[in-house]
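First the structure, in the form of structure tokens, and then the observations on it.
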Amino acid sequence: MTMKTAKSRSGVVRRLPLTEARNHLGAVVKGVHLRKEYVILEKDGIPLAALMDVGEFEDYLELRDPKVQEHIRKSNQEYLAGKSRPAGEFFRELREESRRKAKRPRSA
């Protein structure tokens, strides 16, 4: 396969003619899935479509959801307002609360 390769922040980006992708589809999909590569499919040097791992694609679609975007915006505002704490501290509190509940006598 003759592919042009570039490096992105999160993985390898390959440019591949559509006919070659069709001839080597199994290998192309394997690279996308196992090595988290991105593939840009071209026809006559013109980019037409791209391939990415399905897990990453699902994350991309979720981030486009207006409800998720609003939740992220609110979370960022709370963080900037100082309404956050280290995860370790939060998990310690959860463990302590769980221990207290386990020690309480059960009423019949």
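None of the figures in this text is laboratory data; all of them are computed from the coordinates on show. Owing to the predicted nature of the structure, the values given are computational and were not obtained by experimental measurement. FYI the Cβ positions are ideal-geometry reconstructions off the backbone, even for glycines, and counts take in every protein chain you see.
Rounded to the nearest 5, what % of DSSP beta bridges with both residues in the chain are antiparallel?
Here the antiparallel bridges make up roughly 65 percent for the chain.
Would you order Glu42, Glu56, Glu70 from fewest to most other beta-carbon atoms within 10 Å of each residue's own beta-carbon?
Glu70, Glu56, Glu42
Suppose a student asked you for the relative contact order of the chain, using Cα pairs under 8 Å spaced at least 6 residues apart; what percent would you report?
15
With a cut-off of at most 10 other beta carbons within 10 Å, and DSSP calling the residue loop, which chymotrypsin sites (Phe, Trp or Tyr not before Pro) in the stretch 13-87 qualify? Please list them.
Qualifying residues, ordered by number: none.
Any chance you could count the Lys pairs in the chain whose alpha carbons are under 25 Å apart, treating pairs 8 or more apart or on different chains as valid?
9
For the chain, with the dipole built from +1 on Lys and Arg beta-carbon atoms and -1 on Asp and Glu ones, taken about the Cα centre, which of Val54, Gly82, Leu41 lies farthest toward the positive end?
Highest projection toward the positive end goes to Gly82.
Work out the P(r) tail for the stretch 4-53: percent of alpha carbon pairs separated by more than 11 Å, whole number.
64
Hey, what do the phi angles of the stretch 88-100 turn into as Karplus ³J(HN,Hα) couplings, whole Hz, using 6.51/-1.76/1.60 and θ = phi - 60°, x for Gly and Pro?
Those phi angles translate into x, 5, 4, 5, 4, 4, 4, 5, 4, 5, 5, 5, 4 Hz.
Sticking with the crude label model, points 7 Å out along Cα→Cβ, report the distance from Arg100 to Lys30 in nm, one decimal please.
Computed distance between label sites Arg100 and Lys30 equals 5.6 nm.
Given H placed on each backbone N at 1.01 Å, which residues far from Glu37 in sequence or on other chains put an amide H within less than 5 Å of it?
HN-HN under 5 Å from Glu37: Val32.
Using Cα-only point scatterers and the Debye equation, what is log10 of I(q)/I(0) for the stretch 21-108 at each q in 0.15, 0.21, 0.24, 0.25 Å⁻¹, rounded to two decimals?
For the stretch 21-108 at q = 0.15, 0.21, 0.24, 0.25 Å⁻¹, log10 I(q)/I(0) is -0.84, -1.02, -1.12, -1.16.
Within the chain, which is the longest segment that contains none of the trypsin sites (Lys or Arg not before Pro) sitting in a DSSP loop with at most 11 other Cβ atoms within 10 Å?
Between exposed loop sites, the widest span is 36-63.
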